[in-house]
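Participant: Before I ask anything, here is the structure I am working with.
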Amino acid sequence: SGWQLTLGGRQDWAGSSRDDHLTGERTENDDKAFTGRAGLSYRTSFGLVPYLSHSESFLPTAGNAPSGEPFKPTRGKQYEAGVKYQPEGSRALLTAAVYDLTKTNVVTYDPVTYDGEQRGEIRSRGLELEAKMSLAKGLDLTGQYTLNNIEITQDADSSLIGNRPVSVPKHTA
């Protein structure tokens with residue numbers, strides 16, 4: 001039992017090039033970013049582990065803006081609080097967490113011209129519940145449920161703000 005602090009960092013480098021065979025133009029892009037994560041948890045003597053965490057993400061984005069400039073990488077920040085519980089002597093693990101995730105530099109498309117613009121932001125807040133049990137050697141059971149309240153918070157098309165992105169379910173199990 002006791003406190004545990006987890007810290008992590010990652011440096012990414014991503015290079016890409018695009019050749020337009022119609023115009024003969026070549027576009028090159030070099031993206032780089034440092035992302036970090038931090039977590040703090042406390043293990044009790046009876047198997048309960050509450051925790052808090054923060055993490056960042058970086059994802060290169062393919063394509064170019066109408067100006068010809070390559071898109072910037074999509075960035076993300078997530079805050080999470082949860083609890084894990086493994087009853088002593090059991091082969092079961094129960095977890096519950098709430099999270100708040102914001103993605104920026106999301107490519108959105110003009111509804112008239114279909115040109116991509118990097119003006120989007122998506123926020124996802126939710127709850128995750130999971131149970132894992134080992135029933136016998138080689139036979140495990142896992143159950144999971146997620147409530148994902150996701151909405152567009154910035155978009156090139158202002159009528160989409162406040163809506164859920166297409167093809168993203170609110171509930172998964």
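Participant: With +1 assigned to the C-beta of every Lys and Arg and -1 to the C-beta of every Asp and Glu, and no other charges, what is the dipole magnitude of the chain about the Cα centre in debye, to the nearest 20?
Facilitator: Charge dipole, the chain, about its Cα centre: 1000 debye, nearest 20.
Participant: Report the charge-dipole magnitude of segment 129-173 in Debye, nearest 20, computed about the Cα centre from +1 at each Lys and Arg Cβ and -1 at each Asp and Glu Cβ.
Facilitator: The dipole of segment 129-173 has a size of about 280 debye.
Participant: Between PRO50, PRO70, PRO111, which gets the highest mean-square fluctuation from a Gaussian network model of the chain, Cα cutoff 10 Å?
Facilitator: It is PRO111.
Participant: Can you give me the C-alpha center-to-center distance between segment 145-163 and segment 102-136, rounded to a whole angstrom?
Facilitator: Using only Cα atoms, the two centres lie 9 Å from each other.
Participant: With loop defined by DSSP as not H, G, I, E or B, and exposure as at most 12 other Cβ atoms within 10 Å, which is the longest segment of the chain clear of exposed chymotrypsin sites (Phe, Trp or Tyr not before Pro)?
Facilitator: Longest site-free region, per DSSP loop and neighbour criteria: 47-113.
Participant: On a full-extension model of 0.36 nm per residue, what is the gain between LEU139 and GLU69, subtracting their alpha-carbon distance, rounded to one decimal in nm?
Facilitator: 20.0 nm
Participant: Considering only DSSP states other than H, G, I, E and B, which GluC sites (Glu not before Pro) in segment 1-85 qualify as loop sites with at most 16 other Cβ atoms within 10 Å?
Facilitator: GLU25
Participant: Here's another thing I want to ask about it. What spacing in nm lies between the two simple spin-label points modelled at ASP12 and ASP115, each 7 Å away from Cα in the Cβ direction?
Facilitator: Label at ASP12, label at ASP115, 2.7 nm between them.
Participant: Moving on. Which of GLY76, GLY138, GLY89 ends up with the largest GNM mean-square fluctuation for the chain, with Cα atoms connected below 10 Å?
Facilitator: For the chain, modelled as a Gaussian network with Cα springs under 10 Å, the answer is GLY138.
Participant: Which one is right for this structure if volume of the Cα convex hull per residue in Å³ is calculated from it: (i) 156; (ii) 96; (iii) 132?
Facilitator: Looking at volume of the Cα convex hull per residue in Å³ for this model, the match is (i).
Participant: Here is a follow-up. Any idea what the dipole of segment 46-133 comes to, in debye rounded to 20, about its Cα centre with Lys/Arg Cβ at +1 and Asp/Glu Cβ at -1?
Facilitator: 260 debye
Participant: Give the ranking of HIS171, HIS54 by solvent-accessible surface, highest area first, calculated with a 1.4 Å probe.
Facilitator: My answer, sorted largest first, is HIS171, HIS54.
Participant: Continuing with the same structure: Please arrange SER134, SER124 by accessible surface area, largest first, computed with a 1.4 Å probe and ligands excluded.
Facilitator: Accessible-area ranking of SER134, SER124, largest first: SER134, SER124.
Participant: Here is a further query. Ordering LYS32, LYS132, LYS137 by how much accessible area each has at a 1.4 Å probe, largest first, what is the list?
Facilitator: In descending accessible area the options line up as LYS137, LYS32, LYS132.
The values are calculated or read from the model by the stated rules, or taken from the named source; none is laboratory data. These figures come from a predicted structure and were not determined experimentally. Cβ sites come from the backbone with ideal geometry, for glycine too, and all protein chains shown count toward neighbours. What goes into the accessible areas is simple: the full protein's heavy atoms, side chains included, and nothing from ligands, DNA or RNA. Shrake-Rupley method; radii C 1.70, N 1.55, O 1.52, S 1.80 Å.
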